[in-house]
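The values are calculated or read from the model by the stated rules, or taken from the named source; none is laboratory data. All values reported here derive from a predicted model rather than from experimental measurement. Cβ placement follows ideal geometry from the backbone for every residue including glycine, while neighbour counts extend to all protein chains displayed. These area figures cover heavy atoms from the full protein model, side chains too; ligands, DNA and RNA do not enter into them. Shrake-Rupley method; radii C 1.70, N 1.55, O 1.52, S 1.80 Å.
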Amino acid sequence: MAESSWDETVLLDEKHLREFTGGDTGFQRQVLGIFLENAPLYLETLCRDGNDNWRSDAHKLKGAARSIGAWRLAREAERAEQLGYPADNDPKRIRIAKELQVRLEQTIRYINEDTEFA
């Protein structure tokens, strides 16, 4: 699978979000609310010990991030997906899981504090 070209420096591409929602700020808030509700659950499920669905759970998180333009998070979720089905103690899985947590927290903080949609 080829890597995406998403700009990992972008926490939230507000232009993408406006285009995705047709510029409707109420809908933008609703979409972000759904993301804020679901993305932490996706990450929790993904990182659970014994998770045999690592790849598909990473794909869910990637899709949620992509839908709102959270490229930094989406790119790391893509890396998680590309791992396939790593063992719980796989060093790459551990590193990516930690980085996903950091990137999700950054994205949530940005949405809650730094955007016009808060």
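Residues in segment 52-72 that are in contact with a helix residue (DSSP H, G or I) (Cβ under 7 Å, 6 or more places away or on another chain), crowded, with 19+ Cβ neighbours inside 10 Å and either of a type outside the set (Gly, Ala, Ser) or farther than 20 Å from Gln28 by Cβ (or both): Trp54, Asp57, Ala58, Lys60, Leu61, Lys62, Arg66, Ile68, Arg72. Of the residues making up segment 3-24, just one is surrounded by 16 or more Cβ atoms within 10 Å (Cβ to Cβ) and at pLDDT below 90, namely Trp6. A count restricted to segment 100-118 and to residues that are open to solvent by 50 Å² or more (accessible area, probe 1.4 Å) and under 16 Å from Asp57 (Cα atoms) stands at 1.
Return the residue satisfying two criteria in turn: it lies in segment 74-96 and is among the small types (Gly, Ala, Ser) and open to solvent by less than 20 Å² (accessible area, probe 1.4 Å), and of such residues it is nearest to Leu11 (Cα to Cα). Break it down stepwise before answering.
Step one: filter segment 74-96 for residues among the small types (Gly, Ala, Ser), giving 74, 77, 80, 84, 87.
Still in the list and also open to solvent by less than 20 Å² (accessible area, probe 1.4 Å): 74, 77, 80, 84.
Numbers: Ala74: 9, Ala77: 13, Ala80: 18, Gly84: 25 Å.
Among those that are among the small types (Gly, Ala, Ser) and open to solvent by less than 20 Å² (accessible area, probe 1.4 Å), it is Ala74.
Filtered by the rule that a residue be touching a residue at least 40 places away in the same chain (Cβ under 8 Å), more than 9 Å from the chain's Cα centre (by Cα) and open to solvent by less than 40 Å² (accessible area, probe 1.4 Å), segment 36-51 gives a lone residue, Leu46.
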